[in-house]
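Only one structure is covered here, and it is reproduced in the block below.
The values are calculated or read from the model by the stated rules, or taken from the named source; none is laboratory data. In this text the structure is predicted, and so the values were computed from the model without any measurement. In this analysis, Cβ positions are derived from the backbone assuming ideal geometry, glycine residues included, and neighbour counts consider all displayed protein chains. Just so you know, the surface numbers come from the protein's heavy atoms only, side chains and all, with ligands and any DNA or RNA stripped out. Shrake-Rupley method; radii C 1.70, N 1.55, O 1.52, S 1.80 Å.
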Amino acid sequence: MLLQSLREQVLEANLELVRRGLVLYTFGNASGIDREQGLVVIKPSGVDYDKMKPADLVVTDLAGKTVEGTLRPSSDLPTHLVLYKAFSQIGGVAHTHSEYATSWAQACTPIPCYGTTHADSFYGSVPVTATLSNQDIDSAYEENTGHAIVKAFAESDPASIPAVLVANHGPFAWGPTAAAAAHNAVILESVARMALFTQGINSSAKPIARALHDKHFLRKHGKNAYYGQRGNKA
Ligand SMILES: [Zn+2]
C-alpha cells in the first residue's frame, strides 16, 4: 500500500475533526500531500468515520486522478488540489462546516482578531472569499472554490493566516501537515466562537493592538520564535 504513514496521519486528522465536534455526519474532510511524490491522500466520500481505516483513504495525483484506492475521493478533492498547487508550503488541508466558523462564512464577514488566542495562530483577520458567480457554481464548482480561496490571499501569506472562510459555505484550514491543518481548524472554530461573543458583549469592540498581535504571533512563528520547546511550536 502506498504512503502508509501519510494515510495514518490523514485518517488521524479526519478523526480529530470529529472528536473536537467540528464535523456533523460526514460534512468535513482532511487531506495530506507527499510533496516528493506529488501524491495526495484524502478521505473517501461519504464513509462513516467509525469504520474508516487507512486503506479506505484515496491516493490521487495533483491532477485528481486516483492512483490507489477503490472508493471515490471526497467531492471537495479539487478544492484541496488547487490549494496544494497554489500554496507550495502547505502539507495538509482540512475542511469542516463547524458551526461558529461557518456562521461567519455565511455572514460573509472576516473574523477580526480581537485577542491573543486568535493572534497566536492567525496573523490578522481570517478572510472571507468573494461569492462564486453562477458560472463558477455551474461548472467545476469545487475547483472554483479553490480559486476563490487563492484570490482571497492575493495580498496576504497563507502560511501566516492558515485558514479562510468560503462565502456562504464554511472554513478551510491548512498547515505544514494534515495534523496541523486539523489543529488550525479547531483553533479557528474557537476564535470564531469567541469573536461572536466579543461582538455580542461590546458591539464596538476593537481589534487587538498591533504590538500585542505581533508579540503573540511572532513569538510562536518565524525565525525569532521562542515559545514552547525547541522543535515544538504547538
Ligand atoms: Zn463543505
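List of remarks:
- Per-peptide packing, taken as the mean over residues of other Cβ atoms within 10 Å, places 25-35, 63-73 in the sequence 25-35, 63-73 from highest down.
- Protein accessible area in segment 45-164, 1.4 Å probe - carbon and sulfur %: 48
- Zone residues, segment 72-89, relative to Leu24, backbone N less than 15 Å from point 7 Å out along Cα-to-Cβ: none
- Length-normalised contact order of the chain in % [C-alpha pairs under 8 Å, at least 6 apart]: 22
- Solvent exposure of the chain, expressed per residue, is 50 Å² of accessible area, with all protein chains present and a 1.4 angstrom probe.
- As a length-normalised measure over Cα pairs under 8 Å and 6 or more apart, the relative contact order of segment 44-172 settles at 29 percent.
- Near the amide H of Ile111, within less than 5 Å, lie the amide hydrogens of Val126, all on another chain or at least 5 residues away, with H placed in the peptide plane.
- When only the Cβ of Lys, Arg, Asp and Glu is charged (+1, +1, -1, -1), the dipole of the chain relative to its Cα centre reaches about 820 debye.
- A DSSP coil position with no more than 12 other Cβ atoms inside 10 Å describes the following GluC sites (Glu not before Pro) in segment 79-174: Glu155.
- Dividing the helix sum by the residues of the chain, where each DSSP H run of 4 or more adds -39500 (n - 2.57), gives a mean residue ellipticity at 222 nm of -12000 deg cm²/dmol.
- One chain, two ends: Lys65 and Asn202. Fully extended at 0.36 nm per residue, the span grows by 44.3 nm beyond their Cα-Cα distance.
- Stokes-Einstein D in µm²/s, Kirkwood radius over Cα pairs - segment 1-139 at 20 °C with 1.002 mPa s viscosity: 132
- Rounded to the nearest 10 degrees, the inclination of helix 141-152 to the longest alpha-carbon principal axis of the chain is 30 degrees.
- Note on Lys223 and Tyr49: the model spin-label points, each 7 Å out from Cα along the C-beta direction, lie 4.0 nm apart.
- Vicinal HN-Hα couplings computed from phi for segment 112-124 (Karplus, 6.51 cos²θ - 1.76 cosθ + 1.60; Hz; Gly/Pro x): x, 8, 8, x, 6, 4, 5, 5, 4, 10, 10, 8, x
- The translational diffusion coefficient of the chain, from Stokes-Einstein at 37 °C and 0.692 mPa s with a Kirkwood hydrodynamic radius over alpha carbon pairs, comes to 183 µm²/s.
- Shape category assigned to segment 169-234 from the gyration tensor of Cα positions, a/c cut at 1.5: oblate
- Centroid-to-centroid separation of segment 130-199 and segment 35-74 [C-alpha atoms, Å]: 21
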